[in-house]
1. Under a straight-distance cross-link criterion of Cα-Cα below 20 Å, which aspartates and glutamates are reachable from LYS289, leaving out those fewer than 8 residues away in the same chain?
2. Quick one: what Rg and Dmax do you get for segment 229-274 from the alpha carbons, in Å?
3. Would you be so kind as to identify which of SER233, GLY176, PRO269 lies farthest towards the positive end of the dipole of the chain, taking Lys and Arg as +1 and Asp and Glu as -1 on Cβ and the Cα centre as origin?
4. On C-alpha positions alone, give me the angle between the axis of helix 3-17 and the longest principal axis of the chain, in degrees, nearest 10.
5. Output needed: percent of Cα pairs per 10 Å distance bin for segment 208-312, bins running from 0 to the one holding the longest distance.
6. What whole-number value in cubic angstrom gives the convex hull volume per residue for the C-alpha atoms of segment 44-85?
7. Can you give the net charge of the other residues whose Cβ lies under 15 Å from the Cβ of ARG91, counting K and R as +1 and D and E as -1?
8. Percent of Cα-Cα pairs per 20 Å bin, from 0 to the last occupied bin, for the chain, please list those.
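The values are calculated or read from the model by the stated rules, or taken from the named source; none is laboratory data. Please read these numbers as outputs of a predicted model, since none were measured by experiment. Cβ coordinates were reconstructed from backbone atoms using ideal geometry, including for glycine residues, and neighbour counts include every protein chain displayed. SASA here: full protein model, heavy atoms, side chains in, ligands and nucleic acids out. Shrake-Rupley method; radii C 1.70, N 1.55, O 1.52, S 1.80 Å.
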Amino acid sequence: MSKLSATATNLAALMLLSLPISGWACSSCGCTLSSDWENQGLSSTPGLRVDLRYDYINQDQLRHGSGTASSADVASALTNGTVGETEVKTRNHYYTLGLDYSPNRDWGINVQIPYIDRDHATLGAGDTENTNSHTRSLGDIKLIGRYQGFSEARDTGVLLGVKLPTGKRDANFASGPGAGQQLDRSLQPGSGSTDIILGVYHTRALGKNWDGFAQAIFQAAVQTKDDYRPGNSLNLNAGVRYVDWGSVVPQLQLNARAVRRDSGLNSDPDNTGGRLVYLSPGVTVAVSKSAKVYGFIQLPLYQYVEGLQLSPRWNASVGLNFSL
C-alpha cells in the first residue's frame, strides 16, 4: 500500500470516529459537525495516539426555517404556544480528549471524552430581563471500534460504537426570573440516552498530490431516560487535502447533516431537528515526527431549522495530537 493511500485511509477513518459532541436541538444546533481529520490522532499504524481539541461554537442568530427569524416569527410562535421564550444566545466551549489505540492495521478503538462549558440566555414571555445559565460539566463519552481490513489498501472501513449517558442532565438556570428552574433537556451537558453509532467510509488517491474521502454516519438512541429521546441523525461528509507542501497540509471538507425532531414529554419537538450544509477549510502543520497542530473554520452554506432555533454564523476548532 502506498504512503498516499495509507494517509487517505487514516484521514477518513478519523472523520468517522470523531463524531459531533452533542445532538442538534433547540439552542444547541451548532454542535453538529466534526472538524476532525487524519491529523487528529487516528492511524492504521499500531499504537496509542492522543488528541487534545478545543471547539468554539457561538449560537447568536435566531433562525426559522431557512432564514433569520423575524419579530413576526417570534410573535407568532409565542402566540400559538410552540415556544414559551425567546432564545438569546448559547455560547459553547468544548474541550475534548481523544484516545485512539490500534493493536494492528485492521482494528482499532477510539474514545472521545468531552468537557462542556456552555453559557446560555433566554427571555421568557413577559419578562424584562434574561434568564441565564452557565454550565460546566463532563459530556457524553463515545466508544467506537473500527475495522478496515477488507483489502490490502484498507481504503474501505466500517464502524460500530456507542455513546454513553455520562453527561450531567439536571443543571438549572443560575440567575434571572427563571433562576432555579431546570434547563431544557437539549441544553443539558448530557442527553441521558445510550446511542448506537454506525458508519462506513471509502478513501482514494485523487492524483499525485491529492487525497479524498466520502463517508456516512448514523446515530440513534436505543435507551433513554426521563421521557426524552434525542432525534436520530445522519451525517454525510466528503473532503480533499493537498499533500505536496511538506509539513503544511491544507484541507477542505463539505459536511451535510440531517436530524429528526426530539421526542418524549420532556422534549421540544416543535423547535428541534433540521438540516445543515457546511464548508470547512483547515490546515495541519507537523511540528515534529510525532506531533501536529491544526485549525479549522466551519462556514454554513445552508441551514434549515424546525421552529425557532439559535444557530452559529461560524464554528472554529484548534488542537494538538501526538503519538506515544
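1. By straight Cα distance, LYS289 reaches ASP36, GLU38, ASP51, ASP100, ASP244.
2. Calculated on Cα positions, Rg and Dmax stand at 17.7, 54 Å.
3. With unit charges placed on the Cβ atoms, the residue in question is SER233.
4. In the chain, helix 3-17 runs at an angle near 20 degrees to the longest axis.
5. 13, 32, 27, 18, 9, 1
6. Per residue, the Cα convex hull of segment 44-85 comes to 169 Å³.
7. -1
8. Spelled out bin by bin, the chain gives 33, 54, 12, 0 percent.
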